[in-house]
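Working notes, beginning with the structure itself.
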Amino acid sequence: DFDAAGAGVCLIWNLSYEAGLTGLAMGNNVSGLQGDYGLSNSITVIRTEPQGGTLLGGPFEFIVDGTPDMVSGITLNGNSGANTAWVITDPQGNILGLPPMPGVVDFDAAGVGVCLIWSISYESGLTGLAMGNNVSGLMGCYDLSNSITVTRTEPSPINGGNITGGPFTFCVDGMADNVSGISLSGST
């Protein structure tokens, strides 16, 4: 089970030998074998273990109001693998976008809802990494980072409220005239 060995490189050899061979034990180097023996050529086994890493930044909250809303300040630490990509999903894991970086996405244009920003590290041969697919269907050697939430809400209705007081009448005579007794209720 090469998976249990973790990331690294192993060599597989065939060893033919006569009785009396010494030094054949786990942890010993084959260069230390003594006796009458022969080693075959070796076959390399490369064990990769991509790490999605850790995203820092967010969560983000935007109001869908027609003004572009971009994220900033996201950092990725501790990722490893031959390839890395950004993935935007909905909460169910459906892939909504594969941007070159999260900061180019206008989340306002996506409308009301919740998105998740991920980083994925993977080795060649990964399948299923496409818009419209679900991350649960990815096949291959990969690892996803933690996700950062982007919540997009509708704007609150703006209510000017109700002013009570007055009416007021003043004489323009060079003397300061101020109002008092005005109250405001119900504004948002």
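Could you look through segment 168-188, keep only residues that are among the hydroxyl-bearing types (Ser, Thr, Tyr) and part of a loop (DSSP other than H, G, I, E, B), and pick out the one that is modelled with the lowest pLDDT? Only one residue fits best here, namely THR188. Filtered by the rule that a residue be more than 30 Å from ILE63 (Cα to Cα), among the hydrophobic types (A, V, I, L, M, F, W, C) and surrounded by 10 or more Cβ atoms within 10 Å (Cβ to Cβ), segment 146-175 gives PHE168, PHE170.
For the residues LEU76, LEU96, LEU126, the requirement of being modelled with pLDDT of 95 or more and closer than 17 Å to LEU55 by Cα singles out LEU76. Listed conditions (1) open to solvent by less than 80 Å² (accessible area, probe 1.4 Å); (2) outside any strand (DSSP E or B) are all met by VAL45, apart from (2). Among all residues of segment 89-101, there is none that is open to solvent by less than 50 Å² (accessible area, probe 1.4 Å) and either part of a helix (DSSP H, G or I) or farther than 20 Å from ASN133 by Cα (or both).
Screening SER72 with (1) over 30 Å from ARG152 (Cα atoms); (2) assigned to a loop (DSSP other than H, G, I, E, B); (3) not acidic (Asp, Glu) gives one miss only, at (1).
Would you check which residues across segment 69-88 are open to solvent by less than 80 Å² (accessible area, probe 1.4 Å) and touching a helix residue (DSSP H, G or I) at 6+ places or on another chain (Cβ under 6 Å) and list them? Selection gives ASP69, VAL71, ILE74, TRP86. Of the residues making up segment 48-67, those that are in a loop (DSSP other than H, G, I, E, B) and either on the phi > 0 side of the Ramachandran plot or open to solvent by less than 80 Å² (accessible area, probe 1.4 Å) (or both) number 9. Checking the stated criteria, SER145 turns out not to satisfy the condition of being of a type in the set (S, T, N, Q) and more than 18 Å from GLY52 (Cα to Cα).
Among residues belonging to segment 1-25 that are among the aliphatic types (A, V, I, L, M) and under 13 Å from SER42 (Cα atoms), point out the one that is nearest to the chain's Cα centre (by Cα). Here the answer is VAL9. Restricted to strands (runs of 3 or more DSSP E) entirely inside segment 1-41, those with at least 1 residues that are in contact with a Gly (Cβ under 6 Å, 6 or more places away or on another chain) and open to solvent by 60 Å² or more (accessible area, probe 1.4 Å) are 15-17. When each of ASP143, ASP106 is tested for being among the acidic types (Asp, Glu) and either open to solvent by 60 Å² or more (accessible area, probe 1.4 Å) or free of Cβ contacts under 8 Å to residues at least 40 places away in the same chain (or both), the lone residue that passes is ASP106.
The values are calculated or read from the model by the stated rules, or taken from the named source; none is laboratory data. Since this is a predicted model, take the numbers as computed values, not measurements. All Cβ positions, even for glycine, are placed from backbone atoms using ideal geometry, and neighbour counts span all protein chains on display. To get the accessible areas, we keep the full protein, side chains included, count just its heavy atoms, and leave off ligands, DNA and RNA. Shrake-Rupley method; radii C 1.70, N 1.55, O 1.52, S 1.80 Å.
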